[in-house]
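Colleague: Pasting a structure here, questions to come.
Each reported figure results from applying straightforward, stated rules to the coordinates on display, with no laboratory input. All figures in this text were calculated on a predicted structure; none of them were measured in a lab. Every residue, glycine as well, gets a Cβ built from its backbone with ideal geometry; the counts of neighbours run over all protein chains shown.
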Amino acid sequence: MDQQTAGIPSSGQAGATNPNMLVREYKESDLDALRRMHAQQGFDYTFPDLADPLFVSKLVVEDEEGRAVMASLARLTCEMYLLLAPGEGKPRERYERLLALHRAGERDLLARGLHDAHAWLPPPIAKKFGRRLTALGWVRDDAWTPYCRRLVL
């Protein structure tokens, strides 16, 4: 892979940038610089374990002296979908099915090495089904504002 760009262009649609800017893959020697950046930002989250194989992309921007001055870290996460036949069975039976599927799904995701799962609830069911998820240990995470980027080839 080209060390200059790591397969990623350094300029894009968001605006003009320096075409000579060095964007490269993360190296273990960058770890201290990334830890410093994390600490200086002061955000309330633990510095991630970059050895975790769920980090599928780790890119660094170097300054003119070869020092890491910015990094982009991408960790796989899981988006959950629940499909069911509405009205099939009594409410208690449907809830028991959900509990069984929830337990089995959690074991399956853990066995696959995942650390978290996310669910986006459609507005018509968010309040009622959200209470069910809360009872199962899910947390509504409004502390950080989510954004989504659709990737286009």
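Colleague: Quick one: plug the Kirkwood hydrodynamic radius of the range 22-75 (C-alpha pairs) into Stokes-Einstein at 10 °C, 1.306 mPa s, and report D in µm²/s.
Modeller: 137
Colleague: Between A74 and Y45, how many nm apart are label points set 7 Å from Cα along the C-beta direction?
Modeller: The answer from the label model is 1.6 nm.
Colleague: If you don't mind, there's one more thing I want to ask. Work out how much length L54 to L110 would gain on full extension: take 0.36 nm times their residue separation and subtract the Cα-Cα distance, in nm to one decimal.
Modeller: Value of the extension gain: 18.9 nm.
Colleague: Using the per-residue mean of other Cβ atoms lying within 10 Å as a proxy for protection, in what order, highest first, do the peptides 71-78, 47-54 fall?
Modeller: So the peptides 71-78, 47-54, ranked by packing, come out 71-78, 47-54.
Colleague: Name the long-range amide H neighbours of C78: under 5 Å, sequence gap of 5 or more, or other chain; modelled H, no Pro or chain starts.
Modeller: D116, H118
Colleague: Mean separation of Cα pairs under 8 Å and 6+ residues apart, divided by the residue count of the range 11-152: what relative contact order is that in percent?
Modeller: Relative contact order of the range 11-152: 18 percent.
Colleague: Over all directions, the average projected area of the alpha-carbon convex hull for the chain comes to how many nm²?
Modeller: Convex hull of Cα atoms, orientation-averaged projection: 12.8 nm².
Colleague: Still on this structure, please answer the following. Give me the distance in nm between label points sitting 7 Å out from Cα along the Cα-to-Cβ direction at H118 and C148, one decimal.
Modeller: If labels sit at H118 and C148, their model points lie 0.9 nm apart.
Colleague: For the range 77-153, what is the convex hull volume of the alpha-carbon atoms per residue, in Å³?
Modeller: Each residue corresponds to 144 Å³ of Cα convex hull volume.
Colleague: Of the options H38, L73, V23, report the single residue whose Cα projects farthest towards the positive end of the charge dipole of the range 22-75 (beta-carbon charges: Lys, Arg +1; Asp, Glu -1).
Modeller: L73
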